[in-house]
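J.: I'd like to ask some things about the structure below.
Any read-out appearing in this document is the output of simple, stated calculations on the displayed coordinates, not a laboratory observation. All values reported here derive from a predicted model rather than from experimental measurement. Neighbour counts are summed over all protein chains in view; Cβ atoms, including those assigned to glycine, are modelled from backbone coordinates with ideal geometry.
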Amino acid sequence: MSYANEVFERVVKENPGELEFHQAVKEVLSTLEPIVSKYEKEYKEAGLLERLVEPERIISFRVPWVDDKGQVQVNKGYRIQFNSAIGPYKGGIRLHPSVNQGILKFLGFEQVFKNSLTGLPMGGGKGGSNFDPKGKSDNEVMRFCQSFMNELYRHIGADTDVPAGDIGTGAREVGYFFGQYKRLTGLYEGVLTGKGLAFGGSLARKEATGYGVVYIAAEMLNGVGGDVAGKKVGISGSGNVAIYCAEKFKELGAKVVTVSDSNGYIYDENGINIDAVKEIKEVKRGRIKDYTNYVKSAKYVENEKPWVESMDIAAPCATQNEVDEKYANLMVKNGVKLIAEGANMPLTNEAVKIVQDNTILYMPGKAANAGGVSVSGLEMSQNSLRLSWTFEEVDERLKGIMKNIYKQVTETAEEFGRKGDFVTGANIAGFKKVATAMIAQGV
Ligand code: NDP
Ligand code: 2IT
């Protein structure tokens, strides 16, 4: 059995029930073979892969808070400090009822390679809670965030671990986290990213993940002599990533025809009205179904995903495993030529195989959605410098980073004999730098 396979089997045995974590580890280890076989002796001596799949630290804690009725509620809180070989732990905080340790370990593991690909000095981490912000008042969200930070503050800091947004965590939550961190420590420092613009946030952070997805999709098309303009695009989700992905696709002349949430999807043949989606989701915190109140001609389909429609480009921007074999086959049938993942691991490993076998250009999340954490890295730089850059300056740097990620991914794939396989390219390119740093720093 190969070294990578041995380590994978050990992961399954030692982390029972953590299915998403197994899936993410399998995806990465199965593509590292070309580099692992080259340096096997050195890696084995250093116990490199065994160390790579084990988080440096898992912090897990109780989050008690009082709801508006005066009732005490208790949630689970976590921070996975996965790997600090190339910089302080960096990664978002997910607030969603489905959150558990296995999901956060998969996200933390992915983050290690993603952050490495950005070229910025950031290690990998992820945190979260099974708290559901939906239907909660601002005061309830505030009390939850304060309680979460009462425990987390002692483990984070501008040079140790820098959390940010993810599903269920946006500017409102980051503001409450930051306020409580400052109260508890007395420090005004860049301990979180995605902050409000009035207190150290970076321009273009809100847009960064979605814009980055489009910048890399444009590079992918350019690589085959194509162009974003005129393409029909299907997007899933209607949160932070989906909205700004739609905005940039539209700006570059594509037509975005779908958005969705966990209840259903909208199809608008005239192109999604992004201002309407922003108002429904960012202002009213409503459901995507309400879009039909803004655009009467749009269609709403309950309990279905956008992938049943025909489109040239698919950008899954909701959550993990939203595209399984059935939907991957539908994408092939419906004419999808390019997939760029805004979400983390939205395709199952079986779905990835189907789209790659059918020669769909496919960019995995750790490369395609790295724009968000990249601008988080730029926010950290601005905070350290006590400066703020203009929107254009940050956006230009973001474009440069996404271009460079595309270059690394394609060149690495080619170097290791897997031309056009962006999964292998992204995994090996992200892994190389982390491996070098881990070996150099000793056990
Ligand atoms: P938001 O909370 O802003 O939006 C999430 C969207 O996805 C909502 O439309 C939500 O619908 C939908 N969704 C969430 N969970 C599910 C589910 N279980 N089934 C179906 N739909 C679901 O989150 P973001 O836009 O920030 O994050 C979306 C994805 O992008 C995640 O995978 C995240 O990890 C990834 N990502 C985010 C980055 C960021 O900067 N924010 C950076 C890189 C990746 P509903 O309201 O019905 O729950
Ligand atoms: O998955 C991700 O890359 C994020 N949620 C963003 C992390 C960050 O630190 O900005």
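J.: Provide W65, W307 in ascending order of the number of other Cβ atoms located within 10 Å of each residue's Cβ, fewest first. Let's see the in-between values first.
T.: Values: W65 21, W307 26.
Least crowded to most crowded, the residues run W65, W307.
J.: Next question. Counting each DSSP H run of 4 or more residues in the chain as -39500 (n - 2.57), what helix-only mean residue ellipticity at 222 nm follows after dividing by all residues, to the nearest 500 deg cm²/dmol? Could you put the intermediate results ahead of the total?
T.: On the way: 17 runs with 212 residues, N = 443.
Calculated mean residue ellipticity at 222 nm is -15000 deg cm²/dmol.
J.: Taking the Cα centre of the chain as origin, work out the dipole magnitude from +1 charges on Lys and Arg Cβ and -1 charges on Asp and Glu Cβ, in debye rounded to 20.
T.: Numbers: 55 positive and 56 negative charges, 141 e Å.
That gives the chain a dipole magnitude of about 680 debye.
J.: Of all DSSP beta bridges in the range 79-177, what percent run antiparallel (nearest 5)? It would help to have the intermediate numbers written out before the result.
T.: Numbers: 6 of 13 bridges.
Percentage antiparallel, nearest 5: 45.
J.: Please state the equivalent ellipsoid semi-axes for the range 1-107: what are the square roots of 5 times the Cα gyration tensor eigenvalues, largest first, in whole Å? Display every interim value, and only then the final one.
T.: Numbers: eigenvalues 238, 41, 22 Å².
Square roots of five times the eigenvalues give 34, 14, 10 Å.
J.: Over all directions, average the projected area of the Cα convex hull of the range 195-334 and note it in nm².
T.: Working: hull surface 36.1 nm².
Projected area, direction-averaged: 9.0 nm².
J.: Considering the dipole of the range 281-389 built from charges on the beta carbon (Lys and Arg +1, Asp and Glu -1) around the Cα centre, which of M380, V352, Q320 is farthest to its positive end?
T.: Value: M380.
J.: Bin width 10 Å, alpha-carbon pairs only: give the P(r) of the range 334-374 as whole percents, running from 0 to the bin holding the largest distance.
T.: Taking every Cα pair in the range 334-374, the percentages come to 30, 54, 15, 1.
J.: Among F82, V25, L184, pick out the residue whose Cα is farthest towards the positive end of the charge dipole of the chain, where Lys and Arg carry +1 and Asp and Glu carry -1 on C-beta, about the Cα centre.
T.: Highest projection toward the positive end goes to L184.
J.: Taking the simple approach of a point 7 Å from Cα along Cα-to-Cβ for both I58 and E415, what is their distance in nm?
T.: Label at I58, label at E415, 3.3 nm between them.
J.: On to the next question. With +1 assigned to the C-beta of every Lys and Arg and -1 to the C-beta of every Asp and Glu, and no other charges, what is the dipole magnitude of the range 272-424 about the Cα centre in debye, to the nearest 20? Display every interim value, and only then the final one.
T.: Working: 21 positive and 23 negative charges, 60 e Å.
Value, rounded to 20: 280 debye.
J.: Would you mind pulling out the separation of the Cα centroids of the range 242-310 and the range 193-238, in Å?
T.: The range 242-310 and the range 193-238 have Cα centres separated by 16 Å.
J.: Could I have the simple spin-label model distance between K44 and N404, label points 7 Å from Cα toward Cβ, reported in nm to one decimal?
T.: It works out to 3.6 nm between the two label points.
J.: Arrange Y294, Y181 by Cβ neighbour counts within 10 Å, fewest through most, would you?
T.: Going from least to most buried by this count: Y294, Y181.
J.: Please work out the Kirkwood hydrodynamic radius for the chain, using every pair of different C-alpha atoms, and report it in angstroms with one decimal place. It would help to have the intermediate numbers written out before the result.
T.: Values: mean 1/r = 0.0456 Å⁻¹.
Radius from the Kirkwood sum: 21.9 Å.
J.: If you don't mind, another one. In whole Å, how far is the Cα centre of the range 371-443 from that of the range 128-181?
T.: Cα centroid of the range 371-443 versus Cα centroid of the range 128-181: 26 Å apart.
J.: Karplus couplings for the range 73-90 from phi (6.51 cos²θ - 1.76 cosθ + 1.60, θ = phi - 60°), rounded to Hz, Gly and Pro as x?
T.: 10, 10, 10, 9, x, 9, 9, 9, 9, 7, 8, 10, 4, 10, x, x, 4, 8
J.: Over the Cα atoms of the range 60-194, Rg to Rh with Kirkwood Rh, two decimal places? Let's see the in-between values first.
T.: Working: Rg = 14.2 Å, Rh = 14.7 Å.
That ratio equals 0.96.
J.: Also, quick follow-up: Once whole DSSP H runs in the chain are found, which of them have Cα atoms spread over 24 Å or more along the helix axis and a mean Kyte-Doolittle score of at least 0.0?
T.: On the way: long enough: 19-38 (29 Å, 0.21); 101-118 (25 Å, 0.24); 205-223 (28 Å, 0.03); 391-415 (35 Å, -0.92); 422-440 (27 Å, 1.07).
The qualifying helices are 19-38, 101-118, 205-223, 422-440.
J.: What do you get for Rg/Rh over the range 59-114 if you use C-alpha atoms and the Kirkwood form of Rh? Display every interim value, and only then the final one.
T.: Numbers: Rg = 14.0 Å, Rh = 12.9 Å.
Rg divided by Rh gives 1.09.
J.: Let me ask something additional. Mind giving me the FRET efficiency for E302 and T185? R0 is 45 Å, r the Cβ-Cβ distance, nearest 0.05 is fine.
T.: Details: r = 47 Å, r/R0 = 1.03.
Working from the Cβ atoms, E equals 0.45.
J.: Now, a different point. Hey, could you get me the Stokes-Einstein D for the range 309-443, Kirkwood radius over alpha-carbon pairs, 10 °C and 1.306 mPa s, rounded to whole µm² s⁻¹?
T.: On the way: Rh = 16.4 Å.
For the chosen part, D equals 97 µm²/s.
J.: Please give the contour-minus-distance gain from A158 to S137: 0.36 nm per residue of separation, less the Cα-Cα distance, rounded to one decimal in nm. Don't skip to the end; give the middle numbers.
T.: Details: separation 21, 0.36 × 21 = 7.56 nm, distance 2.96 nm.
4.6 nm is the gain from fully extending A158 to S137.
J.: Then there's this: Subtracting the Cα-Cα distance from 0.36 nm times the residue separation, let me have the gained length for V283 to N349 in nm, one decimal. Kindly include the intermediate steps, with their values, before the conclusion.
T.: Numbers: separation 66, 0.36 × 66 = 23.76 nm, distance 3.57 nm.
Result: 20.2 nm gained on full extension.
J.: Once you have a ≥ b ≥ c as the square roots of the Cα gyration tensor eigenvalues for the range 188-277, tell me rounded if a/c is under 1.5, and otherwise prolate or oblate according to whether a/b is larger than b/c.
T.: Numbers: a/c = 2.60, a/b = 1.46, b/c = 1.78.
Verdict is oblate for the range 188-277.
J.: State the answer as a single residue: which of T436, G420, T410 lies farthest towards the positive end of the charge dipole of the range 392-443, with beta carbon charges of +1 for Lys and Arg and -1 for Asp and Glu, about the Cα centre.
T.: Checked the options; the winner is T436.
J.: By counting other Cβ atoms within 10 Å of each Cβ, how are R205, R287 ranked from fewest to most?
T.: Values: R205 26, R287 16.
Ranking R205, R287 by Cβ neighbours within 10 Å, fewest first, gives R287, R205.
J.: Once you list every other residue whose beta carbon is under 12 Å from the beta carbon of S116, what net charge do they have if Lys and Arg are +1 and Asp and Glu are -1? Kindly include the intermediate steps, with their values, before the conclusion.
T.: Working: positive: K90, K114, K366, K432, K433; negative: E110.
Local net charge: +4.
J.: Measure up K134/K299; K114/K326; K250/K407; K232/K299 against 19 Å on the Cα-Cα distance and list the ones that go over.
T.: Details: K134/K299 24 Å; K114/K326 27 Å; K250/K407 24 Å; K232/K299 16 Å.
Beyond 19 Å between Cα atoms: K134/K299; K114/K326; K250/K407.
J.: Let me know the Kirkwood hydrodynamic radius for the range 115-258, please, with Cα pairs as the basis and the value in Å to one decimal.
T.: On the way: mean 1/r = 0.0583 Å⁻¹.
Hydrodynamic radius (Kirkwood, Cα pairs) of the range 115-258 is 17.1 Å.
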